[in-house]
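S.K.: Before I ask anything, here is the structure I am working with.
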Amino acid sequence: MAFTATVCPITRQEFREHAKELPVQLDGVSLTAEVKEFSTKSLGWNINAKDFITLNGKKVKVQIGLNVTIVGSKELA
């Protein structure tokens with residue numbers, strides 16, 4: 001079985017002009033992923049935050065790290 005790379009259907013310029021913040025819900029906590037051009041040259045969205053999640057009726061502080069990366073975007077010109 002041969003591996004075929006995913007081709008990104010947008011351009012880097014399209015991403016820059018049209019990408020918007022991405023709303024995310026995590027255990028009832030509303031977060032916003034910011035538009036990001038990663039140091040790897042991939043495109044996508046990112047969240048880095050600290051918040052609280054309830055576990056067994058107790059609030060626990062959590063650190064949240066989320067990358068949403070467009071597959072194939074690293075190879076864009």
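All of the numbers you see were taken from the coordinates with simple rules; none came from a lab. If you're wondering where the values come from, they're calculated on a predicted model, not measured in any experiment. Methodologically, a virtual Cβ is constructed for each residue, glycine included, from the backbone with ideal geometry; neighbour enumeration extends over all protein chains shown.
S.K.: Does segment 19-40 hold any residues that are charged (D, E, K, R) and either under 14 Å from the mean Cα position of the chain (by Cα) or in a strand (DSSP E or B) (or both), and which are they?
M.R.: Of the residues in segment 19-40, the ones charged (D, E, K, R) are 20-21, 27, 34, 36-37.
Matches in segment 19-40: LYS20, GLU21, GLU34, LYS36, GLU37.
S.K.: Starting from residues that are of a type outside the set (A, V, I, L, M) and assigned to a loop (DSSP other than H, G, I, E, B), keep the ones in segment 1-18 and report whichever is nearest to the chain's Cα centre (by Cα).
M.R.: CYS8
S.K.: Out of the residues in segment 49-73 that are outside any strand (DSSP E or B) and within 23 Å of PRO23 (Cα to Cα), which is nearest to the chain's Cα centre (by Cα)?
M.R.: Result: ILE70.
S.K.: Could you please find all residues in segment 36-48 being touching a strand residue (DSSP E or B) at 6+ places or on another chain (Cβ under 8 Å), over 13 Å from LEU22 (Cβ atoms) and not small (Gly, Ala, Ser)?
M.R.: Hits for segment 36-48 are GLU37, PHE38, ASN48.
S.K.: How about segment 1-31: which of its residues are in contact with a Ser or Thr (Cβ under 9 Å, 6 or more places away or on another chain), within 15 Å of LYS74 (Cβ to Cβ) and of a type outside the set (Lys, Arg)?
M.R.: Within segment 1-31, CYS8, ILE10, PHE15 meet the criteria.
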